[in-house]
Amino acid sequence: MDFLELLNPLKYFSHDEYQLFWRSLFATILQGFWAKTLAVSFLFLAFWFGVRRQRFQLGLIYFVLSVAITYGATILRCLNLQ
């Protein structure tokens, strides 16, 4: 079996299921102006403190906060907590 065939998602899902997955994923990631603003701000702070100020722990905390804001709605919807 070819290695690229293993990576083909249409082998495991139908075309409609695959398309629905990506539409729902893009519909839930970074909804709203304030979520985008906070995520970008925290990402900037993560690089500022992690690279410029050499405070890696604080940079990592800001990076985790940025990822949580970015993907939080998707994770909650997948876990049916929202």
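Values quoted throughout were computed directly from the atomic coordinates according to the rules given, and no laboratory measurement underlies them. These numbers were taken from a predicted model, which means no experiment stands behind them.
Helix 56-78: angle to the longest alpha-carbon principal axis of the chain, degrees 0 to 90, nearest 10? Taking the Cα atoms of the chain, the angle to 56-78 is about 40 degrees. Checking [x] -0.69, -0.94; [y] -0.34, -0.69; [z] -0.61, -0.82 against the coordinates, the calculated log10 I(q)/I(0) by the Debye sum over Cα atoms at q = 0.13, 0.18 Å⁻¹ falls under label [z].
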